[in-house]
Amino acid sequence: MANYTIYASVVGCIRSKSGTYSSARSGTDKTLDTSLSVGQAYIATFYYCFEVFIGFTTSSVLGTVSSATLSAHLAGDCSSTDFTVYARLRDFGSGAVTTGDWVAGASLSALTQLASINTSGIGSTGSYKTFTSSNLASNINTSGDTRIILTSSRHEGNNTPTGNEYVVFTLATGSANAPYLSITDDYVPPQATRSFGTII
């Protein structure tokens, strides 16, 4: 059995903005955001929807994965409305996040759900929060990268925001407050062969 802690190698957020909620939800006007916000907002006549994209290099995992969890460092809770953050499988390629990686709100629920966390009682900012896993272990790509999208249940459910309803995770890669995967597999290292020479 082997244990791995794998920090994100790619992170990014896409923000969609429009004067109508349906257009914001579908992604009519998209831009890369400077924070890792997940959720929605209504601010000064504009609707906003946020999607977070996280990539992990998981090719170092040698055996069959038996368990896996996702953790992300909470930087801010800007929500006056509770919702569930879903982690879903989303292969957005091997490079940096681009606006072309956006997934329209109506298509989000079709992506495989890997884990989730509810913003109700999420706790204080400035600490890691661990998602409850569902299909994460069986979807770790041990031959390449595991790519994940974080979305809001209210964005997925076509619930129009009336104020702020989003949380912010720390935008980082590497080991300094970046999202990470904790993985356990069944790999057993081969035993070293000892030679005692020739017995006469």
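The values are calculated or read from the model by the stated rules, or taken from the named source; none is laboratory data. Just so we're clear, the structure is a prediction, and the values are computed from it rather than from any experiment. So basically every Cβ, Gly included, is an ideal-geometry build from the backbone, and we count neighbours across all protein chains shown. Heads up: the accessible areas ignore ligands, DNA and RNA and are worked out on the full protein's heavy atoms, side chains in. Shrake-Rupley method; radii C 1.70, N 1.55, O 1.52, S 1.80 Å.
Side notes on the structure shown:
- Prolate/oblate/rounded call for the range 22-128, Cα gyration tensor, a/c under 1.5 rounded: oblate
- FRET efficiency, 1/(1 + (r/R0)^6) with R0 30 Å, evaluated for residue 96 and residue 186 via beta carbons: 0.35
- For the peptides 157-163, 65-71, the ranking by mean Cβ contacts within 10 Å, running from highest to lowest, is 65-71, 157-163.
- Quarter of Cα convex hull surface for the range 7-73, i.e. mean projection, nm²: 6.1 nm²
- Share of Cα-Cα pairs in the chain lying beyond 31 Å, as whole percent: 22 percent
- When only the Cβ of Lys, Arg, Asp and Glu is charged (+1, +1, -1, -1), the dipole of the chain relative to its Cα centre reaches about 80 debye.
- Rounded to the nearest 0.05, the FRET efficiency derived from the C-beta distance between residue 78 and residue 23 at R0 = 30 Å is 0.85.
- When only the Cβ of Lys, Arg, Asp and Glu is charged (+1, +1, -1, -1), the dipole of the range 91-200 relative to its Cα centre reaches about 220 debye.
- Paramagnetic reach from residue 143 (point 7 Å along Cα→Cβ, amide N under 15 Å) across the range 43-62: 58-62
- For the chain, calculated [θ]222 nm from helices alone, where every DSSP H run of n ≥ 4 adds -39500 (n - 2.57): -1000 deg cm²/dmol
- Share of carbon and sulfur in the accessible area of the chain stands at 48%, probe radius 1.4 Å.
- Surface exposure of the range 85-181, expressed per residue as accessible area with a 1.4 Å probe, stands at 42 Å².
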